[in-house]
Each structure stands twice: as structure tokens, then as C-alpha cells.
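Note sheet for the following structure.
The values are calculated or read from the model by the stated rules, or taken from the named source; none is laboratory data. Predicted model, so just to flag it, every value in this text is computed and none were measured. Neighbour counts are summed over all protein chains in view; Cβ atoms, including those assigned to glycine, are modelled from backbone coordinates with ideal geometry. With ligands, DNA and RNA removed, areas are computed over all heavy atoms of the protein, side chains included. Shrake-Rupley method; radii C 1.70, N 1.55, O 1.52, S 1.80 Å.
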Amino acid sequence: MSETKARRGRPPAFDRDEALAAAARMFWERGYAGTCIGKLTEVMDIRPGSLYAAFGDKRSLFGEVVRTYGHSPVGAFMGVALEEEPTAYGAFARLLREAAVLYSDPSHPAGCLTISAATNVTPQDAEVETFLRTLRNANLAVFEDRLHRAQQDGELPPDASPGALARYFAAIIQGMSQRSRDGAGAAELTETAELALAAWPGRRP
């Protein structure tokens, strides 16, 4: 009896961070629907029982993967740019240019995990689709809020639409993510970023 309790009290015999990184790569490459438990346990190098005990079900694991990704350099760069840059133009220029480099970085799967993982989500996984859509819409709201402040500060002209501009940049970023998955490199994505920035209201080359 005591031996059984001791076993249950032992920490998992795997590195949690390494296992999460392996799961993230799988979800990133294949999307949520295209990733099965069998493949996850294989790349995470753990048994199904250990996965369920440590992370819960597939959806719970995915939620933890996304939260961890959000704190990684490739997941957090947009928020960092918006927080650190003193002007809205500087923030969006930085995040678009960094997206061009990060989305095409060969050291990890192409594009953005929260965009790529939403591809081909099945009806029974509608909860996951809603989760990812909520995250993307939250980013859109952050964009719009930053642009509203820019307009109040006189950085954007009065007739500019912060909402339309936020949606425009969000669409550009999502498109850059997909283009990187289709093989676009940093040079092409940077060109796209610069063309997008040329549409900044009131700004002339």
C-alpha cells in the first residue's frame, strides 16, 4: 500500500517543458484537428496515461501549449512591440517587420501557431475554434485600442478609422503567416510588411 502511494507521489519521469515544446511543434505543423493523441505521445516521448495525468485531455494540453507559446519570443513579439515603441507607427512597423523574420524562421514551424492550428478544425472541436478566434479577436482589440490612442495623440488624422486600420493590419499578419507556410521567405514577407506600412494614414514616402 505504501509503495503504491509512493509511486503516485513521484514527479513525472519526463521534462515538462520539453514535452510541451514537442507538442507545440506538432500542433503548429499539423493544426489541432490533424494532431492525434498517438502522435503527441510519440513526439513527447511519454505514455498516454502520463499525458492524461500531467496535462489532462488533448484540449487541455493544447490550451497549455497556446499559453506557453504566448510567452515565447515568436508568440509575444507583437505585444512587446506595442508596449515598448513610443509611437503607434513605430510599433506596427516593428511588429510587421519582426513577423516577416519570425514567421519564416526555419528553427520552428512556419507562421503563427494560433493562426495555423485553427486550420480545418472539425465541428466537434468548435470549442477550440472559438478559443483561437477569441485570442485573435483579443489581439485585434489591442491593435484598435493602440490606434485610438494614436489618433487622440494626433499621430493619426481625425478622419482615419482605427478599427478599419486594426483589421487591415490583422489581415496582413494572418496573410503573412499563411504565406510563410506556403514557402515565402523573410525577403518576400518584409516586402509585404513595407507595402502594408505605406498605407498608414497621413504618412507619405
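Yes or no, residue by residue, for (1) open to solvent by 50 Å² or more (accessible area, probe 1.4 Å); (2) acidic (Asp, Glu); (3) not in a loop (DSSP other than H, G, I, E, B):
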{"residue": "Asp145", "(1), (2), (3)": "yes, yes, yes"}
{"residue": "Ala150", "(1), (2), (3)": "no, no, yes"}
{"residue": "Arg167", "(1), (2), (3)": "yes, no, yes"}
{"residue": "Met176", "(1), (2), (3)": "no, no, yes"}
{"residue": "Ala187", "(1), (2), (3)": "yes, no, yes"}
{"residue": "Glu191", "(1), (2), (3)": "yes, yes, yes"}
{"residue": "Ala196", "(1), (2), (3)": "no, no, yes"}
{"residue": "Gly202", "(1), (2), (3)": "yes, no, no"}
For Phe92, are the conditions met, namely being more than 11 Å from the chain's Cα centre (by Cα) and closer than 15 Å to Ala23 by Cα?
-> no
Any residue in the range 31-40 that is out of contact with any Lys or Arg (no Cβ under 9 Å at 6 or more places or on another chain), in contact (Cβ under 8 Å) with a residue 60 or more places away in the chain, surrounded by 20 or more Cβ atoms within 10 Å (Cβ to Cβ) and not in a helix (DSSP H, G or I)?
-> no
Select from the range 89-102 the residues that are closer than 30 Å to Gly154 by Cβ and either buried (at least 21 other Cβ atoms within 10 Å of the Cβ) or among the small types (Gly, Ala, Ser) (or both) and list them in ascending order.
-> Gly90, Ala91, Phe92, Ala93, Leu95, Leu96, Ala99, Ala100
Cβ-Cβ under 8 Å pairs, at least 6 apart or on other chains, the range 166-190 side over 16 Å from Leu147 (Cα atoms) and in contact (Cβ under 8 Å) with a residue 12 or more places away in the chain, far side of a type in the set (S, T, N, Q) and buried (at least 21 other Cβ atoms within 10 Å of the Cβ) | Ser177/Ser116; Ser180/Ser104; Arg181/Ser116; Ala184/Ser104; Gly185/Ser104; Ala186/Ser104; Leu189/Ser104; Leu189/Ser180
Since Arg136 meets every condition but one in (1) closer than 22 Å to Tyr89 by Cα; (2) open to solvent by 50 Å² or more (accessible area, probe 1.4 Å); (3) at pLDDT 95 or above, which condition does it not meet?
-> (3)
Here are some residues: Ala100, Ala118, Ala110, Ala91. Which one is within 20 Å of Arg179 (Cβ to Cβ) and assigned to a helix (DSSP H, G or I)?
-> Ala100
Is there a residue being farther than 22 Å from Phe143 by Cβ, within 16 Å of the chain's Cα centre (by Cα) and either surrounded by 15 or more Cβ atoms within 10 Å (Cβ to Cβ) or not β-branched (Val, Ile, Thr) (or both) anywhere in the range 74-88?
-> no
Verdict on Asp105 being out of contact with any His (no Cβ under 6 Å at 6 or more places or on another chain), more than 25 Å from Glu194 (Cα to Cα) and surrounded by fewer than 15 Cβ atoms within 10 Å (Cβ to Cβ) | no
For the range 43-64, pairs from a residue that is over 28 Å from Leu135 (Cα atoms) and part of a loop (DSSP other than H, G, I, E, B) to a residue that is open to solvent by 20 Å² or more (accessible area, probe 1.4 Å) and among the hydrophobic types (A, V, I, L, M, F, W, C), with Cβ under 7 Å and 6 or more apart or across chains, are Asp45/Phe14; Ile46/Phe14
Could you check, for the range 47-59, whether at least one of its residues is closer than 30 Å to Gly154 by Cβ, at pLDDT 90 or above and either out of contact with any Gly (no Cβ under 8 Å at 6 or more places or on another chain) or among the hydroxyl-bearing types (Ser, Thr, Tyr) (or both)?
-> no
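Answer yes if at least one residue in the range 133-142 is small (Gly, Ala, Ser) and not in a helix (DSSP H, G or I), and no otherwise.
no
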